[in-house]
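First the structure, then my questions, so here it is.
The values are calculated or read from the model by the stated rules, or taken from the named source; none is laboratory data. Predicted, not measured: the structure shown is a model, and the values here were computed from it. Neighbour counts run over all protein chains shown; Cβ positions are idealised from the backbone, glycine included.
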Amino acid sequence: MRNPVLVLLATVLALLPGDGVAAGKPNVLFIAIDDQNDWVGPLNGHPLVKTPQMDRLAARGTTFLNAHIQSPLCNPSRTSLMLGLRPTTTGIYGLSPWFRNLPAWKDRVTLPQHFRAHGYRTFTTGKIYHHGVGGPEQRAVEFDVWGPPGGVGARPEQKLIGPTPMGNNPLMDWGLFPHRDEDKQDYKVASWAVEQLQNMPREQPFFLAVGFFLPHVPCYATEKWFALYPDDDTVLPVVREDDREDTPRFSWYLHWHLPEPRLKWLQENNQWRNLVRSYLACTSFVDAQIGRLLDALDTAGLADNTVVVLWSDHGWHLGEKGISGKNTLWERSTRVPLIFAGPGVAKGARTTRPAELLDLYPTLIELCGLTPRDDLEGLSLVPQLRDATAPRVRPAITSHNQGNHGIRGERWRYIQYADGTEELYDHQTDPQEWTNLAGRPELQAVRAAHRKWLPRIDAPLAPRSADRVFTYDPATDEVIWEGKLVRRSDPIPE
């Protein structure tokens with residue numbers, strides 16, 4: 001039997017053009033950040049945040065102020081971006097499966113493969129895909145050259161935070177940890193990428209993907225980064241203790257029983273400020289690593305002919321809506337940094353048009369002059385990269401497990417859950433999403449205008465789906481959350 005991975009590799013390599021076909025094409029520096037919400041300077045997401053390197057990149061290019069993810073979880077978000085398909089098309093909503101293990105998608109040509117088929121040499125380091133992709137044969141299919149993997153790097157011998165609820169997951173840790181920045185995995189990832197940029201051959205364009213792990217938990221930082229943020233409550237986000245009273249019970253099912261602690265636990269254990277400072281400190285640390293990449297690009301004389309795109313796979317709550325973590329359809333979980341710079345991109349521009357991570361695949365194809373594809377579900381952002389006021393034909397759409405969708409336009413956020421319950425927020429008057437307007441009769445037309453964008457394809461869970469997945473049966477009104485029945489009478493986990 002022929003190895004399907006090798007067949008795919010042979011197919012891709014057969015598509016490679018001859019020498020010189022890709023000459024003159026711009027390079028691509030593809031920078032991913034894990035769990036980075038909108039608390040960055042270009043998005044004004046936190047009044048105290050310090051991200052001078054992201055500010056520097058934004059000054060060079062165009063910032064999307066209203067960019068959102070397809071799924072508020074690592075694996076489905078990254079899979080969607082790299083395949084150019086929505087989670088509602090693939091059925092990949094959980095931390096498993098790896099898409100190559102599914103017959104329907106095992107031969108799908110990903111974004112970096114499309115670039116390699118057009119004469120690019122592809123590099124990767126850190127966390128780009130959520131899962132490891134197996135042995136040398138599989139790795140060779142995905143990228144030409146592999147650097148250090150992603151991860152947190154140096155860790156204390158014991159958790160800094162004592163037992164946390166729901167299993168005391170080892171990832172649920174944060175705080176001041178006196179180690180060397182050079183021992184952090186993100187520093188090593190940046191160092192490898194810098195070395196590649198310094199020694200990059202000029203006869204062939206490159207696609208270099210660099211994925212940073214922080215500020216994902218465990219988010220440890222040294223005193224240098226903690227010192228940027230005051231040890232007082234001015235660092236905390238503004239929250240309402242009763243914020244969930246007007247949200248449907250079904251909203252809890254999206255993050256029913258997870259290791260990320262609730263706000264109540266953080267407050268009772270005096271950890272809220274510590275977590276927020278740790279997150280901010282790690283955000284600034286990652287920002288510094290981005291600066292190292294930009295410096296290397298400049299020093300190597302590559303900046304003028306390199307498209308740089310910076311993105312995050314999803315956001316992260318730090319007390320808003322009573323929780324920490326992701327797995328929601330609210331702004332803090334879906335809004336992420338998205339910045340483009342380089343040839344074909346307006347400088348110092350900011351656009352409020354909705355954008356999706358799904359749009360990166362067709363956008364990079366167009367910016368680099370590659371053969372377009374007609375099987376991608378995203379829209380090219382090139383019109384907005386040339387003119388920030390250019391119109392956009394649809395809102396951003398986020399889904400988390402079958403039947404649960406958020407629709408984000410320029411003014412409104414509409415949410416519909418699998419049981420039909422709804423939320424509606426007016427970002428013009430309520431940017432914190434404190435007041436659910438879904439029950440207002442006078443806004444029926446607004447709800448209807450957003451409902452028309454609900455995905456027409458809404459696939460069930462893909463085979464082998466696991467971790468943070470659930471199903472809903474409208475006939476019985478039952479939720480099966482990671483294999484366990486959740487009754488309407490069950491208390492919400494604290």
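Restricting attention to region 307-323, and to residues there that are within 16 Å of the chain's Cα centre (by Cα) and not aliphatic (A, V, I, L, M), which single residue is surrounded by the fewest Cβ atoms within 10 Å (Cβ to Cβ)?
In this case the residue turns out to be TRP311.
Would you confirm whether any residue within region 23-43 is at pLDDT below 95 and on the phi < 0 side of the Ramachandran plot?
yes
Restricting attention to region 362-382, which residues are out of contact with any helix residue (DSSP H, G or I) (no Cβ under 7 Å at 6 or more places or on another chain), of a type outside the set (S, T, N, Q), over 23 Å from PRO455 (Cβ atoms) and surrounded by fewer than 18 Cβ atoms within 10 Å (Cβ to Cβ)?
Result: GLY369, single match.
Suppose the filter is in contact with a His (Cβ under 9 Å, 6 or more places away or on another chain) and modelled with pLDDT of 95 or more; does THR398 pass it?
Yes.
Something else about it: Pick from GLY319, GLY348, GLY315, GLY344: which is at pLDDT 95 or above and either of a type in the set (D, E, K, R) or touching a Ser or Thr at 6+ places or on another chain (Cβ under 7 Å) (or both)?
GLY315
Could you check region 87-105 and list, in sequence order, the residues that are in a loop (DSSP other than H, G, I, E, B) and touching a helix residue (DSSP H, G or I) at 6+ places or on another chain (Cβ under 6 Å)?
Within region 87-105, ILE92, TYR93, LEU95, TRP105 meet the criteria.
Identify, from the list ARG487, ARG456, ARG440, ARG392, the residue that is of a type in the set (Lys, Arg), under 22 Å from ARG262 (Cβ atoms) and without any contact (Cβ under 8 Å) to a residue 40 or more places away in the chain.
After ruling out the rest, the residue left standing is ARG487.
Related question: Quick one: is GLN113 touching a Phe, Trp or Tyr at 6+ places or on another chain (Cβ under 9 Å), part of a loop (DSSP other than H, G, I, E, B), modelled with pLDDT of 95 or more and surrounded by 18 or more Cβ atoms within 10 Å (Cβ to Cβ)?
Criteria not met by GLN113.
Something else about it: Does region 181-196 include one or more residues that are in a loop (DSSP other than H, G, I, E, B), touching a Phe, Trp or Tyr at 6+ places or on another chain (Cβ under 7 Å) and more than 30 Å from TYR472 (Cα to Cα)?
Scanning region 181-196, I find no residue that is in a loop (DSSP other than H, G, I, E, B), touching a Phe, Trp or Tyr at 6+ places or on another chain (Cβ under 7 Å) and more than 30 Å from TYR472 (Cα to Cα), so the answer is no.
Check LEU48, LEU73, LEU85 and return the single one that is farther than 15 Å from ILE31 by Cα and surrounded by fewer than 23 Cβ atoms within 10 Å (Cβ to Cβ).
Sole residue among the options that is farther than 15 Å from ILE31 by Cα and surrounded by fewer than 23 Cβ atoms within 10 Å (Cβ to Cβ): LEU48.
Now for a different question. Does THR122 qualify as being in contact with a Lys or Arg (Cβ under 9 Å, 6 or more places away or on another chain) and β-branched (Val, Ile, Thr)?
Yes, satisfied.
Just to be sure, is ARG456 out of contact with any His (no Cβ under 9 Å at 6 or more places or on another chain), of a type in the set (Lys, Arg) and surrounded by 13 or more Cβ atoms within 10 Å (Cβ to Cβ)?
Considered against the rule, which asks whether it is out of contact with any His (no Cβ under 9 Å at 6 or more places or on another chain), of a type in the set (Lys, Arg) and surrounded by 13 or more Cβ atoms within 10 Å (Cβ to Cβ), ARG456 comes out as no.
Moving to a separate point now. Which of the residues spanning region 402-453 are crowded, with 17+ Cβ neighbours inside 10 Å and among the β-branched types (Val, Ile, Thr)?
ILE407, ILE415, VAL446
Check every one of the strands (runs of 3 or more DSSP E) wholly within region 419-494 and list those with 3 or more residues that are more than 21 Å from ARG332 (Cα to Cα).
470-473, 478-481, 484-486
I'd like the full set of residues that are in a strand (DSSP E or B), hydrophobic (A, V, I, L, M, F, W, C), free of Cβ contacts under 8 Å to residues at least 60 places away in the same chain and buried (at least 16 other Cβ atoms within 10 Å of the Cβ), limited to region 121-149.
TRP146
Run down ARG155, ARG108 and say which single residue is of a type in the set (D, E, K, R), in a loop (DSSP other than H, G, I, E, B) and in contact with a Gly (Cβ under 9 Å, 6 or more places away or on another chain).
Testing whether each residue is of a type in the set (D, E, K, R), in a loop (DSSP other than H, G, I, E, B) and in contact with a Gly (Cβ under 9 Å, 6 or more places away or on another chain) leaves just ARG108.
While we're here: Can you run down the residue pairs with Cβ atoms below 6 Å, 6 or more apart or on separate chains, where the first is in region 97-120 and under 16 Å from PRO87 (Cβ atoms) and the partner is among the polar types (S, T, N, Q)?
Listed by first residue and then by second, the contacts come to PHE99/THR79.
Also, quick follow-up: Which helices (runs of 4 or more DSSP H) sit wholly inside region 199-317 and have at least 2 residues that are within 19 Å of GLY45 (Cβ to Cβ) and without any contact (Cβ under 8 Å) to a residue 60 or more places away in the chain?
272-299
List pairs: first in region 461-484 and under 21 Å from ASN75 (Cα atoms), second surrounded by fewer than 12 Cβ atoms within 10 Å (Cβ to Cβ) and modelled with pLDDT of 95 or more, Cβ under 6 Å, 6+ apart or cross-chain?
So the pair list comes out empty.
Out of (1) touching a Phe, Trp or Tyr at 6+ places or on another chain (Cβ under 9 Å); (2) modelled with pLDDT under 95, the odd one out for GLN138 is which?
For GLN138, the exception is condition (1).
If you don't mind, another one. Would you confirm whether any residue within region 80-99 is more than 20 Å from the chain's Cα centre (by Cα) and over 30 Å from PRO259 (Cβ atoms)?
Within region 80-99, not a single residue is more than 20 Å from the chain's Cα centre (by Cα) and over 30 Å from PRO259 (Cβ atoms).
Determine the pairs where a residue that is farther than 15 Å from PHE285 by Cα, located within region 150-165, has a partner that is among the acidic types (Asp, Glu) and at pLDDT below 95 with Cβ atoms under 8 Å apart, the partner being 6 or more residues away or on another chain.
Between residues of region 150-165 that are farther than 15 Å from PHE285 by Cα and residues that are among the acidic types (Asp, Glu) and at pLDDT below 95, the close pairs are PRO165/GLU494.
Here's something else I'd like to know. Only one of (1) within 26 Å of GLY41 (Cα to Cα); (2) surrounded by fewer than 20 Cβ atoms within 10 Å (Cβ to Cβ) fails for SER96. Which number is that?
Exception for SER96: condition (1).
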